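Notes follow the structure.
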Amino acid sequence: MGEPYSKAETLALRRKHIGPSCKVFFAKDPLKIVRAQGQYMFDENGEKYLDCINNVAHVGHSHPYVIKAATKQMELLNTNSRFLHDNLVQYAQRLTATLPEKLSVCYFVNSGSEANDLALRLARQYRGHQDVITLENAYHGHVTSLIDISPYKFNQLEKDSKKEFVHVAPSPDIYRGKYREDHPDPASAYAEEVKKIIEETQKNGRKIAAFIAESMQSCGGQVIPPVGYFQKAAEYVHAAGGVFIADEVQVGFGRVGKHFWAFQLQGEDFVPDIVTMGKPIGNGHPMSCVVTTREIAEAFGASGLEYFNTFGGNPVSCAIGMAVLEVIEKEDLQGNATRVGNYLLELLTEQKQKHPLVGDIRGVGLFVGVDLVKDQQKRTPATAEALQLIYKLKEQQILLSADGPHRNILKFKPPMCFTMEDAKHVVDKIDVLLTEMEVATGMKTGNDASTNAQCERKTNEGNSQPESVNESISHINGAACRQENGFYSDKRSVSSKRLRT
Ligand SMILES: Cc1ncc(COP(=O)(O)O)c(C=O)c1O
């Protein structure tokens, strides 16, 4: 329909001209998307897909306010940051106003990878140290310096791909990690692991430049670190002369609802030394940022080397960045993330009670993970089932992904305009599909399934007016779930034994 090529031709041309390691979603039958609006994407036939995964289109695909800001500035001027321009300083002012006071100096760059690469340079220049502590399963970007510190990637290469200056700390995952929800103080236990690494490193005459962590691990499996972990880890890292880099590329800009930055979930007493931003910052426009303290910035400048970035901080990007911040505020997208996120968690928790395939539900705001398992006790990852579910959802015109080290975690990170109705729609579909899969594999009998169907009808009746769900959320949370500091985790199936899969 008005496209230059049929879908088959597009695919053939892509195979011919685009590098084979650039993968498509749904490789068996890729989607050709030609336009998008809000939380919906449309294919070449006008078919509408509910987008549950696109955290880049943060304030909604093709948001008119952002488009207007971009075109208005493009008509006037776009150039590099060697000229004075008010957009640059105004945007820096507005962006730093969302952060704790000491994070006051910005470097504007063009992608999450550029931001993290620069953050490493800042950290290494600061004290002249080289080594980096990163988390198990972490992904921080695609350039060489970041593949080096991304176990999610370098573990797929040949054995011994880890560089000697890289040290991997356990992921602070209280469902699958080394210290679980039954541990009395997982935050301290995970921080002690960081301390041990530092001590070991120092024994070998090496020095820590940085500890880098996503404020919540996304590719690493939708992991929400226990409160207090960052403070303690930062204390050890600082004592070793290193800095704490919080990677907010996936999870920043109000996605967690209650706070603008996900690291703030750790509490007001925690402030990273460097924060990196990307994806949602420009709502699809390629831009990103590193924010740090005056002290670290001065140390970086002391080398005498100019930092020049052709596109970073150009007037168009800054206009777009400002527009995104304004939309988040005007449309109360943080409030929406909290309301819809809580509702989504609530609906998913009902699924956990019904489906043996659902092992854990975790999330905060519009960042939610569903950990699929073959065995609730052993927590064996249900990798094939997750993939099957993703494909079946696609047939139902719902876009969801499966990620984590075992690719078994359904990953919700939709545009922030996601609604209660969207949440209900996708969970209803997941319910039906899980039932079908469980019956087919013998995890559930046909009788169980009909009980589920009744249960589902009841739930539907109860929630026929999504706006009224807040009451039921607080009731159910109060009865059976834990909601601390904006975190949400269902503890009903917690085993008293520590289990490893
Ligand atoms: C946590 C995190 N950091 C950094 C990056 C790299 O960002 P980009 O792909 O924009 O270079 C990504 C990309 O997925 C990411 O998830």
Residue list for the range 241-269, restricted to those being on the phi < 0 side of the Ramachandran plot, assigned to a loop (DSSP other than H, G, I, E, B), more than 16 Å from the ligand (Cβ to nearest atom) and open to solvent by 10 Å² or more (accessible area, probe 1.4 Å): Lys258, His259, Phe260, Glu268, Asp269
Quick one: would you say Val340 is within 20 Å of His425 (Cβ to Cβ), in contact with a helix residue (DSSP H, G or I) (Cβ under 7 Å, 6 or more places away or on another chain) and part of a strand (DSSP E or B)? no
Output yes when any residue across the range 136-149 is open to solvent by less than 10 Å² (accessible area, probe 1.4 Å), hydrophobic (A, V, I, L, M, F, W, C), closer than 25 Å to Gly282 by Cα and in a loop (DSSP other than H, G, I, E, B), and no when none is. yes
If you take the residues of the range 356-407 that are part of a loop (DSSP other than H, G, I, E, B) and basic (Lys, Arg), which of them is farthest from Asn155 (Cα to Cα)? Lys378
In the range 251-265, which residues are touching a Pro at 6+ places or on another chain (Cβ under 8 Å) and touching a residue at least 60 places away in the same chain (Cβ under 8 Å)? Phe253, Arg255
Here is a list of conditions, (1) buried (at least 23 other Cβ atoms within 10 Å of the Cβ); (2) closer than 30 Å to Asn408 by Cβ; (3) away from the ligand (no atom under 16 Å from the Cβ), and Tyr126 meets all of them except one; can you say which number that is? (2)
Criterion violated by Leu157 - all others in (1) more than 16 Å from the ligand (Cβ to nearest atom); (2) over 26 Å from Gln266 (Cβ atoms); (3) in contact with a Ser or Thr (Cβ under 7 Å, 6 or more places away or on another chain) satisfied: (3)
Would you please list the contacts, defined by Cβ atoms under 6 Å and residues six or more apart or on different chains, that run from a residue in the range 138-154 that is without any contact (Cβ under 8 Å) to a residue 24 or more places away in the chain and among the polar types (S, T, N, Q) to a residue that is within 11 Å of the ligand (Cβ to nearest atom) and open to solvent by 10 Å² or more (accessible area, probe 1.4 Å)? Ser150/Tyr139
Take the residues of the range 93-120 that are part of a helix (DSSP H, G or I), in contact with a helix residue (DSSP H, G or I) (Cβ under 7 Å, 6 or more places away or on another chain) and open to solvent by 30 Å² or more (accessible area, probe 1.4 Å): which is nearest to Ile320 (Cα to Cα)? Arg94
Can Val166 be described as of a type in the set (Val, Ile, Thr) and open to solvent by less than 10 Å² (accessible area, probe 1.4 Å)? yes
Residue selected from the range 218-239 under the condition without any contact (Cβ under 8 Å) to a residue 60 or more places away in the chain and open to solvent by 10 Å² or more (accessible area, probe 1.4 Å), by the criterion farthest from the ligand (Cβ to nearest atom): Ala239
From the residues in the range 82-92 that are over 14 Å from Met287 (Cβ atoms) and part of a helix (DSSP H, G or I), which one is farthest from the ligand (Cβ to nearest atom)? Asp86
Answer with yes or no whether Asp448 is part of a helix (DSSP H, G or I), among the acidic types (Asp, Glu), at pLDDT 95 or above and more than 23 Å from His61 (Cβ to Cβ). no
Here is a list of conditions, (1) free of Cβ contacts under 8 Å to residues at least 40 places away in the same chain; (2) over 27 Å from the mean Cα position of the chain (by Cα), and Cys22 meets all of them except one; can you say which number that is? (2)
Residue count for the range 278-307, restricted to those that are closer than 20 Å to Tyr126 by Cα and within 16 Å of the ligand (Cβ to nearest atom): 3
Please work out if Gln397 is of a type in the set (S, T, N, Q), in contact with a Phe, Trp or Tyr (Cβ under 9 Å, 6 or more places away or on another chain) and at positive phi. yes
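The values are calculated or read from the model by the stated rules, or taken from the named source; none is laboratory data. Because the structure is a prediction, the values reported are computed rather than measured. Every residue, glycine among them, receives a Cβ derived from its backbone with ideal geometry; neighbour counts consider all protein chains shown. Accessible surface areas use protein heavy atoms only, side chains included; no ligands, DNA or RNA. Shrake-Rupley method; radii C 1.70, N 1.55, O 1.52, S 1.80 Å.
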